[in-house]
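See below for the structure under consideration.
The values are calculated or read from the model by the stated rules, or taken from the named source; none is laboratory data. Quantities reported herein were computed from a predicted structural model and do not represent experimental measurements. For neighbour counting, all protein chains shown are included, and Cβ atoms are generated from backbone atoms with ideal geometry for every residue, glycine included. Quick note on the areas: whole protein, heavy atoms, side chains included, nothing else; ligands and nucleic acids left out. Shrake-Rupley method; radii C 1.70, N 1.55, O 1.52, S 1.80 Å.
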Amino acid sequence: MLKEKVISQSAAVFDEVVAFRRHLHSHPELSFQEKETASFIRGILDQWKVEYDYPVGGEGIVARVHGKKPSSRHFALRADMDALPIAEQTNAPYKSQNPGVMHACGHDVHTACLLGAIKILQTNSSEWEGTVTCVFQPAEEKLPGGASLMLKDGLFENQKPTGIFGQHVFPELSAGKVGFFPGSYMASTDELYFTINGKGGHGAKPEQVIDPVLIAAHVIVALQQIPSRRSSPMMPVVLSVGRVIADGATNIIPSKVTMEGTFRTFDEAIRAESHRHIESLVKGIAQSMGGNAEVEIRRGYPVVYNDVSLTHRAIDAAIALLGEENVVALERRTTAEDFAYYTQIMPGCFYRLGTAGENGTHQFGVHHPQFDIEEKAMSTGVALMAWLAMQV
Ligand code: NI
């Protein structure tokens, strides 16, 4: 049976996949600089005689594997490959050799698992039909995001897959387990920049100034209307102001205040509507108090929407491969992912690969300087990626 084959083959390629991951882990590269990483991946694809396009949207690589039976069936698998500006604090033998740069979000794992999956897809090409497009994507960690750049550069322009899968490490779950969430899974993320302009002057003569500090205080409080009164309690909305600069003194009222914050939600229509509300609220309050406001909302990644039907089919396939006890339901997350761009144009499913070890090991969160994984997780990651591409 194919299932047994996939499980035994993922065990057979395990050592090789671990070696790939360790190489990538010790040679991390920042977003938009993944030159060596891309060259390493291309070397392996060349050796395995896998056809690919490069460069796509920067250092992106698009590999294609074909089943022996021709068909219009077409799925895509995506792995990101960039690292973070973090100085690694682990004692792993494969620790980063690039000072100040670290694979602290598991993108080394994603890439290694996708390579392993390609090998399984190739080995079993007579068992499945159609095409699997394997996307090695740069720059997930930094706006505008490698996904948007690859799409702009023509990825999927001629041939749109019927679905795309993305796999991400998850230290909150044990190795061997995976997690899914059908529907809006990860938040849209937008940056807020406000400048409140007033008229500065002596702190002892408030009647002669237009106090932007007081206006800013009203703005901060009023903005909480957006999550609490302008949005349904059924829809999570986050609005946080994290930076307020009023550079006056005990007796000086400054002429302006700058503010920065983040806005996140799980619905594109509510996102667009909230942007309008934020702008009119900040400007309206400033105006009503005699000042004026400049509002800039920098759009970040959209909502990661896991297609409900595709995700349920993936859950069924995962249960068939790994057993019911190893497939769990996830909760929504207010963090963001540029996988969202793929889900805007085709059915997508972004799921999680458990990477925690037994007895409390490997539990540091992603983006932590001591983040690492229980490598056994990669055997599950390789098998599931290949299996989804063949079975869903
Ligand atoms: Ni990540």
Taking a point 7 angstrom from the Cα of residue 97 along the C-beta vector, which residues in region 33-54 have backbone N less than 15 Å away? 36-37, 40
Would you pull out the residues with amide H under 5 Å of residue 168's amide H, same chain only if 5 or more places away, H placed 1.01 Å from N? 351, 352, 353
For the chain, what does -39500 (n - 2.57) per DSSP helix run (n ≥ 4), summed and divided by total residues, give at 222 nm, in deg cm²/dmol to the nearest 500? -10500 deg cm²/dmol
Cα-Cα over 23 Å: which of 35/95; 49/177; 3/119? 49/177
Under a 5 Å amide H to amide H cut-off, with H placed in plane at 1.01 Å, what residues pair with residue 30 once short-range neighbours are removed? 83
Counting DSSP beta bridges with both ends in the chain, the antiparallel % (nearest 5): 65
For region 111-123, Karplus-derived ³J(HN,Hα) couplings (6.51, -1.76, 1.60; θ = phi - 60°; whole Hz; x for glycine and proline) come out as 5, 4, 5, 5, 4, x, 5, 4, 4, 5, 5, 5, 4
So what's region 188-299 giving for Rg/Rh, alpha carbon basis, Kirkwood Rh from the mean inverse pair distance? 1.03
Please report, to two decimal places, log10 I(q)/I(0) for the chain at q = 0.11 Å⁻¹ as given by the Debye formula with identical point scatterers on the Cα atoms and no solvent. -0.80
Show which aspartates and glutamates lie in cross-link reach of residue 69 when reach means a straight Cα distance below 14 angstrom and same-chain residues fewer than eight apart are skipped. 127, 129
About the Cα centre of region 188-299, what is the dipole size in debye to 20, counting +1 per Lys and Arg Cβ and -1 per Asp and Glu Cβ, all else neutral? 100
Gyration tensor over alpha-carbon atoms, region 278-353, equivalent ellipsoid semi-axes in Å: 42, 13, 9
Using DSSP loop states and a limit of at most 15 other Cβ atoms within 10 Å to flag GluC sites (Glu not before Pro), what is the longest stretch of the chain containing no flagged site? 158-330
Sorted by accessible area with a 1.4 angstrom probe, largest first, how do 143, 192 fall? 143, 192
What are the residues whose amide H is under 5 Å from the amide H of residue 330, where those residues sit 5 or more places off or on another chain and H is modelled from the backbone? 180, 181
Distance in nm between label sites at residue 251 and residue 12, each 7 Å beyond Cα in the beta-carbon direction? 8.4
In degrees rounded to 10, the 0-90 angle between helix 268-288 Cα long axis and the longest Cα principal axis of the chain is 20
Exposed-loop cut sites defined as trypsin sites (Lys or Arg not before Pro) in DSSP loop states with at most 10 other Cβ within 10 angstrom; longest site-free run of the chain spans 230-392
Enclosed volume per residue, in Å³, of the convex hull spanned by Cα atoms of region 266-392: 155
Could you size up the charge dipole of the chain around its Cα centre, putting +1 on the beta carbon of Lys and Arg and -1 on that of Asp and Glu, and report it in debye to the nearest 20? 580
Chain lengthening between residue 332 and residue 230 when straightened (0.36 nm per residue, less Cα-Cα): 34.6 nm
Given charges at beta-carbon only (K, R positive; D, E negative), |dipole| of region 93-245 in Debye: 400
Lysines within cross-link reach of residue 256: Cα-Cα under 22 Å, excluding same-chain residues under 8 positions apart? 199, 205, 283
Square roots of five times the Cα gyration tensor eigenvalues for region 1-97, Å: 28, 20, 11
Integer Hz, Karplus 6.51/-1.76/1.60 couplings in order for region 64-79, x for Gly and Pro: 10, 10, 10, x, 5, 7, x, 5, 7, 4, 8, 10, 10, 10, 10, 10
Return the distance in nm (one decimal) between the two label points of a simple spin-label model at residue 204 and residue 69, each offset 7 Å from Cα along Cα→Cβ. 8.9
Toward the positive end of the charge dipole of the chain, about the Cα centre and with charges on Cβ (Lys, Arg +1; Asp, Glu -1), which of 92, 14, 227 goes farthest? 227
Modelling each spin label as a point 7 Å along the Cα-to-Cβ direction, I'd like the residue 36/residue 344 distance in nm, to one decimal. 3.4
